[in-house]
Amino acid sequence: MERELEEGDFFDDEPEMQDDFEKGTGPKLFRYGELAIATDDFSDDHKLGEGGFGSVYRGFLKEMNLDVAIKKVSKGSKQGRKEYASEVSIISRLRHRNLVQLIGWCHGGGELLLVYELMPNGSLDTHLYSGAAVLPWPLRHEIVLGLGSALLYLHQDWEQCVLHRDIKPNNVMLDASFHAKLGDFGLARLVDHGRGSHTTVLASTKGYMDPECMTTGRASAESDVYSFGVVLLEIACGRRPMVTVARRGEEDREDDVIHIVQWVWEFYGRGAILDAADARLEGEFDAREMEAVMVVGLWCAHPDRSLRPSIRQAVNVLRLETPLPSLPARMPVATYMPPPDAFYYTSSVATTGGGSSTITGTGTTVSSTTETSILLK
Ligand SMILES: Nc1ncnc2c1ncn2[C@@H]1O[C@H](COP(=O)(O)OP(=O)(O)OP(=O)(O)O)[C@@H](O)[C@H]1O
Ligand SMILES: [Mg+2]
């Protein structure tokens, strides 16, 4: 049983947090007891789901008259409360109409609890894949633009570059009008400290992760852009990142499974990219928008990270404000050599300045001079 926390637990050594709290500008600190009441003691009935960081519960905060989603994150380390306080206060200062608003937090026992606004339409994956009503194209296109705006804000418009590191349809939440709100931003940063340097691999999800990142374990703005590209292709094609393709003329043989980027790139190379659009839409879409979403998806997921667009360039094309990029007809294969000092470099990033591997002043954690990228066409 968790010990119920007193307010003094938070404020003893964090006078600045208390100031923010009193001014109503910082994150709201909840007592564990309040959140337990809101969720009927975190009962199974209230459970919305479970992810890589912990479980999420639906709750109602009587005092605020507010429906919320409460995420219980197992810390798995003896993370200092002060460190959490500063991380949470950074994250709670992020405000954008396409981000799930963090309302507050509670740090007690072995757990960190994060309180978010409740998203009545759940996450995008259920709408793309549940087999229920087909999500019409105009809503999908709005979701694409909303998600792009959220990333633009995190990467370029806020005072520091905030990397998300786990962009995927499960983390794209939908409000009552099906507007996209990106969730779980900054979460990887919160759990970063206790998990050592190569956290990206642990934090991200296979299929969405920049292949280069899988080897080096280092996140960057470019690796977020890669995951964004994969999500764009999923929204356009209605397919998960791993696509099963039947082998032609070989009925008894096993099917091939290829990555969605490669799958769509083959349609692009044949000059028939629209044939990869979600068949369940039955052709009901604006062809220019669909083509832009798919081509930008490929561009963002370019195997060579140095040839990917910035999120701003990607958004400009998605908004049909700049022309489509011209990509090679065949998907390029990128190979690169991890630098001999990769491990040393990464660990030094994670240990200096309180783990600046997810929020940096420049937007790219890793200097491109530490990597060699050879493009084979
Ligand atoms: N703010 C919210 N409102 C409504 N439902 C939510 C909210 N946040 C999360 N959920 C739901 O809770 C479930 C679990 O979310 P969680 O973030 O723990 O896992 P995930 O997104 O699948 O994976 P990850 O750990 O990589 O984020 C998901 O099904 C999600 O739809
Ligand atoms: Mg999530």
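Which of His46, His302, His164 comes first, and how do the rest follow, when ranked by fewest Cβ neighbours within 10 Å?
Lowest count first: His46, His302, His164.
Once you have a ≥ b ≥ c as the square roots of the Cα gyration tensor eigenvalues for segment 207-340, tell me rounded if a/c is under 1.5, and otherwise prolate or oblate according to whether a/b is larger than b/c.
oblate
When ranked by the protection proxy of mean other Cβ atoms within 10 Å per residue, highest first, what sequence do the peptides 230-241, 264-275, 152-163 form?
My ranking of the peptides, most packed first, is 230-241, 152-163, 264-275.
Which far-off residues, 5 or more places away or on another chain, put their amide H under 5 Å from the one on Ile103, with H placed in the peptide plane?
HN-HN under 5 Å from Ile103: Val115, Tyr116, Glu117.
Quick one: if the Förster radius is 41 Å, what FRET efficiency do Ala246 and Leu324 give, using the C-beta to C-beta distance and rounding to 0.05?
Given R0 = 41 Å and the Cβ-Cβ separation, E is 0.85.
Read-outs throughout are calculated quantities, based only on the coordinates presented, and are distinct from any laboratory measurement. In this text the structure is predicted, and so the values were computed from the model without any measurement. Glycine gets a Cβ as well: all are built from the backbone with ideal geometry, and neighbour counts include every protein chain shown.
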